[in-house]
1. Which residue out of Val133, Val98, Val120 is modelled with pLDDT of 90 or more, closer than 30 Å to Ile61 by Cβ and either open to solvent by less than 40 Å² (accessible area, probe 1.4 Å) or assigned to a loop (DSSP other than H, G, I, E, B) (or both)?
2. Identify the single condition in (1) open to solvent by 60 Å² or more (accessible area, probe 1.4 Å); (2) of a type in the set (A, V, I, L, M); (3) within 24 Å of Arg193 (Cα to Cα) that Ile276 does not satisfy, given that it satisfies every other one.
3. If you take the residues in the range 159-201 that are part of a helix (DSSP H, G or I) and of a type in the set (Ser, Thr, Tyr), which one is most open to solvent (accessible area, probe 1.4 Å)?
4. Given (1) at pLDDT below 95; (2) open to solvent by less than 10 Å² (accessible area, probe 1.4 Å); (3) part of a helix (DSSP H, G or I), identify the lone condition not met by Phe225.
5. Where residues in the range 101-117 are open to solvent by 70 Å² or more (accessible area, probe 1.4 Å) and of a type in the set (A, V, I, L, M), which of them is farthest from Leu60 (Cα to Cα)?
6. So which residues in the range 228-249 are touching a Leu at 6+ places or on another chain (Cβ under 8 Å) and open to solvent by less than 10 Å² (accessible area, probe 1.4 Å), if there are any at all?
7. Looking at this structure, is Gly218 touching a residue at least 60 places away in the same chain (Cβ under 8 Å), surrounded by fewer than 21 Cβ atoms within 10 Å (Cβ to Cβ), closer than 19 Å to Ala115 by Cβ and over 19 Å from the mean Cα position of the chain (by Cα)?
8. For the range 62-73, enumerate the residues that are aliphatic (A, V, I, L, M), modelled with pLDDT of 95 or more and touching a Gly at 6+ places or on another chain (Cβ under 7 Å).
Amino acid sequence: MWRFLRRLLTSEYLVLLLTALYVLCLWPFAPEIVSAQTALEVIMAMLPLLLLAIGQTFVLIVAGIDLSITSTMAFSSVVAAALMTGDGGYLAGNALAVPVALIAFLLIGLAVGYANGLCVVRLGMPSFMVTLVAQTFLSGAAIWFTSLHSTSVSIGDLPAAFSVIGRGGIAGIPYALLLCLVVAFAAHWLLGRTTLGRWLYAVGNNPRAATVSGVPTGRVIIIAFVLSGFCAALASIVYTSRLETGTPVLGQRVLLDVIGAAVIGGVSLFGGRGKISWVILGVLFLSVVDKGLQLLGLSQSIVFSVKGGVILLAAIIDALRSRILVRVAA
């Protein structure tokens, strides 16, 4: 019995099995859970979350954590919106408004990620503390910036050429889905086929041993945070284009979902372990759970409570996995 449980806990397909089991249990009470429309809604809902989870995975692999991703999204959202809004934007009506705004999204994400990584490496500060401070600062900065450029709580009237990113598509395939597929494939290739990928795992497993082996540990950690910031910027583009407005509270409630999805998928909180395919399954599971609870007509507070319990269970399973793997290695 113990051997079966051990194999189940360490299986790469545990999350997929749990997803299927959850759908089967919910089917009699909410038959629409297996409809094509629900499947499409789940996929569209999980796309920006997947971008964030992929970025978080790089940081988790090096045994860090990035709590600033949602604030990075919010700040880049309002700055980019202020550039291209038709309501007094800096580049209102200019053909370059959308391209410049997209560059602003990415530059802010890269800058925040670099600053986080630099503080962790150069100042020796815990990533939890660094990114928590960044989260607080950027949240306040986003609200302040919005108040300077709008009389409301957000910045709207964004160009249609920008909104189409989150709402449009080609040959029936949403642009957001294509973007996620490209990012997921690139991240999978980076982790599995490149020297940088091997360095990321090495740093997460044992930073001292990695340094002795010639791995530029500090540089690798900074790159992990930069990649997290970059993915946060991409997620901000998708979210903002869907909402058709720049808001300082963008993604305010998804931080726990992002970390939870990665951990549920099997990415270790202790570093050194994780795959993009696992992250995709983790995001899928959390999105299906969320959709299923909504179909049952439960209140938002109950939905949050259940999701919190699921994420806590994932953290416990992660701890058990780590113990099992250590015993096997010994």
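1. Just a single option satisfies the conditions, and that option is Val120.
2. Of everything listed in (1) open to solvent by 60 Å² or more (accessible area, probe 1.4 Å); (2) of a type in the set (A, V, I, L, M); (3) within 24 Å of Arg193 (Cα to Cα), Ile276 misses just condition (1).
3. Tyr175
4. Condition (1) is where Phe225 drops out.
5. Ranking the candidates gives Ile103 first.
6. Gly229, Cys231, Ala232, Ala233, Ala235, Ser236, Val238, Thr240, Ser241, Gly246
7. It is true that Gly218 is touching a residue at least 60 places away in the same chain (Cβ under 8 Å), surrounded by fewer than 21 Cβ atoms within 10 Å (Cβ to Cβ), closer than 19 Å to Ala115 by Cβ and over 19 Å from the mean Cα position of the chain (by Cα).
8. Once the filter is applied, which keeps residues that are aliphatic (A, V, I, L, M), modelled with pLDDT of 95 or more and touching a Gly at 6+ places or on another chain (Cβ under 7 Å), the range 62-73 yields Val62, Ile69, Met73.
The values are calculated or read from the model by the stated rules, or taken from the named source; none is laboratory data. Treat the numbers as computed from the prediction; the structure is a model and nothing was measured. Every residue, glycine among them, receives a Cβ derived from its backbone with ideal geometry; neighbour counts consider all protein chains shown. Heads up: the accessible areas ignore ligands, DNA and RNA and are worked out on the full protein's heavy atoms, side chains in. Shrake-Rupley method; radii C 1.70, N 1.55, O 1.52, S 1.80 Å.
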